[in-house]
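Asker: Here it is, the structure, as structure tokens.
The values are calculated or read from the model by the stated rules, or taken from the named source; none is laboratory data. Keep in mind that what you see is a predicted model, and the values were worked out from it rather than measured. Backbone-built Cβ (ideal geometry, glycine too); neighbour counts: all protein chains shown. We work out accessible area using only protein heavy atoms, side chains counted, and drop any ligands, DNA or RNA first. Shrake-Rupley method; radii C 1.70, N 1.55, O 1.52, S 1.80 Å.
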Amino acid sequence: MTPAAESRSDSRADSWADDPGLTPWFGGTGPGPSPAPVLPLRPPAVVAPERAAPRRPAGLVHPPPRRVAPPLLVGGPPTVVAAPPAPRADPVAADSYLRDNGTVRPAPRRGARGWLFTLSGGRVNPGTSTRELAEQELLERIRTPLAGWHTVTVASTKGGVGKTTTSALLGLTLAEHRADRVVALDANPDAGNLADRLLGHPAGATLRQLLDHDDPDLPASFTEISRFVHDAGRLQVLASDQDAAMSEAFDRDEYRRVLALLVRFFTVVVTDSGTGLVHSAMAGALETTRSLVVTGAPTIDAAGHIDRTLDSLSAHGFDELVRDAIVVLSRDRQARSVDPVALKAHFERRCRAVVVVPRDPHLAEGGRIRLEALRPATRAAARELAALVGDAFAWDFPATAGIDTAGGR
């Protein structure tokens, strides 16, 4: 055998196919016993190369949070939902950044609270008391705006029960707290003394002189009408004649003519009427009355006169005036046997309200009435009466026939 052939024979013997032990793999039957089966060799496990840990930026203790991927939507393109608009902030109020929400306590004017406020120069403001707040509420009612004009008639079938005093207190209180003009008219046919209680002396010009004027419709300005009225502070007074014979001639038509002149220049007219309800001038006053005040006293006879006055007015067709009337009880005279609480409750069932005027030394003098000289309780009663009258200023009243307010203010 040649050396080349030997070399090829040795290379085949070295090959795994020439190994006699592997012949069963090829289905051959070699000589000798069959070798044990050889299991197939597993491929070597693949070892992944070791990955280097990612380098963290210097200075970060925790890794930044991962952004969550949006979910996949199947079945069509994703629906884009717009974010809800941010709510608009309300405009900032001018006082929203102030302490106590910009509220300022009203300054007290009376009592220990007012003294403390004045003494501290306004730096200490304890606020107004409950009593002072009640007084301010009365003043607001007295100052109720009034469109047009309003007439108040003070009446009674009995003399000496405070009818003229009530007329003066009401007129002075209304004129003190209102900005418009208020006039008190003395329509008593028996020589009334309203001018004495308001002026302190007899009046120079009277109601009769106004009626006897050449042209009673002539006053077209307040300057002309002021020749016949007198000043009692802010209140104006049109006095009656002290001659009873001249006063008796004052009738229904003349009253309406005088009222038509007054309401051209005055907003509120307070009429002090006489004691006779059947008098002609009293009929003219009742026909044009919008608020009725009936006076009396907490005595047996005076209380009976109040009931008879109300009954007589109802019998003459003034039921509405009676229901809206205000009863004033003057306590200049007080009977021990009469229960004032029960008497007040009795008239409250018949009328709109009852006001009790306490006894006051200044009123008992019989001279000129000055509000600053009254006791606080008396002034409070006068304000209560004026506030009740002021409540009616906001009511709707039908136009009064024959009363023409044209001609000026």
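Asker: In square angstrom, what is the accessible area per residue of the range 229-336 with a 1.4 angstrom probe?
Answerer: 37
Asker: Also: Quick one: what Rg and Dmax do you get for the range 267-334 from the alpha carbons, in Å?
Answerer: Cα only, the range 267-334: 12.2, 37 Å (Rg, Dmax).
Asker: For LEU198, LEU277, LEU119, what's the largest-to-smallest order of accessible area, 1.4 Å probe?
Answerer: Of LEU198, LEU277, LEU119, the descending order of accessible area is LEU119, LEU277, LEU198.
Asker: Under 9 Å from the Cβ of LEU199, count the other residues' Cβ atoms, weight Lys and Arg +1, Asp and Glu -1, and hand me the total.
Answerer: Charge balance near LEU199 sits at 0.
Asker: Simple spin-label model, 7 Å along Cα-to-Cβ: ASP319 to ALA179 in nm?
Answerer: 4.1
Asker: Using θ = phi - 60° and the Karplus relation 6.51 cos²θ - 1.76 cosθ + 1.60, list the HN-Hα couplings for the range 196-201 in order, rounded to whole Hz, with x at every Gly or Pro.
Answerer: 5, 6, 9, 9, x, 7
Asker: Distance in nm between label sites at GLU140 and ASP311, each 7 Å beyond Cα in the beta-carbon direction?
Answerer: Going from the GLU140 label point to the ASP311 one covers 4.2 nm.
Asker: Now a separate question. To check my understanding: the extent here is largest minus smallest coordinate of the Cα atoms along each principal axis. What are those three numbers for the range 248-381, in Å, largest first?
Answerer: Projected onto the principal axes, the Cα atoms of the range 248-381 cover 44, 37, 26 Å.
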